[in-house]
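The values are calculated or read from the model by the stated rules, or taken from the named source; none is laboratory data. None of these values were measured; they are calculated from a predicted model. Counting neighbours? That spans all protein chains shown, and the Cβs are built from the backbone with ideal geometry, glycine included.
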C-alpha cells in the first residue's frame, strides 16, 4: 500500500506555470507574491504577500513613531536610523526578503516547467520568522544590557517581595512626647502661647516663639533653635509637627529625618527650619497654633499581627468568595445555554437551528471580552467592590462554561439518543435520559477547571476595582510598600496551590 502511494505521488503531474519565469519574477517585483500565484503556487504567493506587506507596514509604522517630531519622511527615516540603528538592519532584511521573493517566483516557475516543485519553502519561512523576530525585538524595546546591568538594583525590592514576613508582625511602641506650641505666622496683636516647664518632666524650649512655614516657591521657613532638658540620655529622639488641623508629620532636614540623641545630662540643642505644609481652606485665615514635638521611644510591646496581614487574609477570603460565587452563578446560567448551543440537539428543524446559531454567536461575543473589561463595566454600574467582580466573572464564566458544556454534549454517544427517540420521547425526555448521564463527568471537570480560573482571575480584576486582594495589591504597589505586596503575592500563591490540590481530588472522585 505504501509503495502504491509513493508511486502515485511520483507520477503526479505538476501543471506548468501560466507565464514564463522572467514574467513571474517581474510580477513579484511589482507585487510580492503575484508571480507565485501565476506560477500556480497560490497559497505560497498569498503567504509571501501577507508576510511582506505586514513586515513592511510595521517598519513604516516604526519610522513614523520614532520620527514623530520631525517633518518629512526622509528626515523621519534618517532619525530612525540614527536613534535606533536596528531599524537599518530591519530595512536591509526586508530588502533582502523582497529580492528573495522575486528570485523565488522565477525558480518556482522554472521548476514547474520541468514538472517539479521548488523546495525552498522552509528557508523562506525561516527568513520571514527571523524578520518578524527582529521587528518584535525592536517594537518590544528589548534591552538585555539594561536587564543584566540594572538587575542588582531590583534585588532590595525583590527581597522584600520574596520574604515579606517582617511586615506580618508589629511591635507596639510607646513614646514620651514633649510639646511646644508655636504661633504661625507671627501676629503682634496676639499673645504667644504659654509653654511653662513642669518640674521633674522633660522640657522643650523653642526660639523664636513664632514663625512661618516654608513657601511652595522654595522660600525657606523660619529657623528655630530647639533646646531640650531633662530627656533620657543617649536615647534616640525625633522631631515631629502637628499642624492646626491635627495632622502629624516628621521633621525633614535636607531630605533626611531629624534624629539625634541627648547628651549624658539629657540635654540637646538642635536647629531646624519650619517645613512647607499646605493647609486646606477649612483651617481658616490668620495666625494659627502649630505644635512642635520631641519624641523618645519608652517601651516596645509584644509582637502582634500587623494590620497589613489582617487585611491580606480578609481580602484573600473575599477573593475566594468572589471566585466561588461567580462559578456558582456561571453554572446556573451556562447549563440551559449549553443545551441550546449543542448542534446535535438543535438540528431538528429550522427554528432550532436558527436558535442554535444565535446562542453560539452570543456566547462567542461575550467570551471574547476579557473579564477585566467586564469588571470595568460592572464597576460603572454597581460601583467599586466585590459585587462588581462577581458580575464580571459570572458573565465570562457563563459564556466559557456554556461553550465547553455544549462541546461535551456534541461529543456524546448518539446511540442512547436514537434509542430514546425511538420510544417516542420528546426533547426534554431525550435530554434527561440520554444526554445528562453522559455529560456529568466532563461537566464536573470543566466546572472545577473554571473555578480554578475564577479564583486566579479574581486576584486580577481587583486592579480595576473589582474587589478582592487584587485591589489591595495594586494600592501597595503604587505606594511602594513591597513587603505588604509580597504578603499578598504569597497568599495568592498558597491559595492557588491549595485549590489545585482540591480540584485534583474532586476530579479523581467524580471524573
Segments classed as helices (runs of 4 or more DSSP H), wholly inside the stretch 419-511, with at least 1 members that are farther than 26 Å from residue 402 by Cβ: 469-478, 482-510
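Suppose the filter is surrounded by 14 or more Cβ atoms within 10 Å (Cβ to Cβ) and either in contact (Cβ under 8 Å) with a residue 24 or more places away in the chain or closer than 27 Å to residue 481 by Cα (or both); does residue 402 pass it?
Here the answer is yes, as residue 402 does meet what is asked.
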Odd one out for residue 294 among (1) touching a residue at least 24 places away in the same chain (Cβ under 8 Å); (2) in the same structural domain as residue 211 (by TED's automatic domain parsing); (3) more than 30 Å from residue 201 (Cα to Cα): (3)
Cβ pairs under 6 Å, 6+ apart, first in the stretch 199-217 and under 22 Å from residue 297 (Cβ atoms), second modelled with pLDDT under 90 and assigned to a loop (DSSP other than H, G, I, E, B): 203/197
Among residues of the stretch 218-235, those that are surrounded by 12 or more Cβ atoms within 10 Å (Cβ to Cβ) and in a loop (DSSP other than H, G, I, E, B), counted: 8
Members of the stretch 183-207 that are assigned to a strand (DSSP E or B) and more than 23 Å from residue 266 (Cα to Cα): 183, 184
Lone unmet requirement of (1) in a helix (DSSP H, G or I); (2) under 23 Å from residue 14 (Cα atoms); (3) touching a residue at least 40 places away in the same chain (Cβ under 8 Å) for residue 116: (1)
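Residue 330: out of contact with any strand residue (DSSP E or B) (no Cβ under 9 Å at 6 or more places or on another chain) and buried (at least 20 other Cβ atoms within 10 Å of the Cβ), yes or no?
Yes; evaluated as a whole, the condition is true for this residue.
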Qualifying residue in the stretch 83-95 (condition: part of a helix (DSSP H, G or I), over 37 Å from the mean Cα position of the chain (by Cα) and assigned by TED's automatic domain parsing to the domain that holds residue 28): yes
Number of the exception - residue 328 against (1) farther than 30 Å from residue 210 by Cβ; (2) outside any strand (DSSP E or B); (3) at pLDDT below 90: (3)
Residue within the stretch 40-58 that is assigned to a loop (DSSP other than H, G, I, E, B) and either at pLDDT below 95 or in contact with a helix residue (DSSP H, G or I) (Cβ under 6 Å, 6 or more places away or on another chain) (or both) present: yes
Any hit, the stretch 148-162, residues being surrounded by 11 or more Cβ atoms within 10 Å (Cβ to Cβ) and in a loop (DSSP other than H, G, I, E, B): no
Selection status of residue 235, out of contact with any helix residue (DSSP H, G or I) (no Cβ under 8 Å at 6 or more places or on another chain) and under 17 Å from residue 222 (Cα atoms): no
The stretch 261-278 residues that are not assigned by TED's automatic domain parsing to the domain that holds residue 202, paired with ones that are surrounded by fewer than 14 Cβ atoms within 10 Å (Cβ to Cβ) (beta carbon under 8 Å, 6 or more apart): none
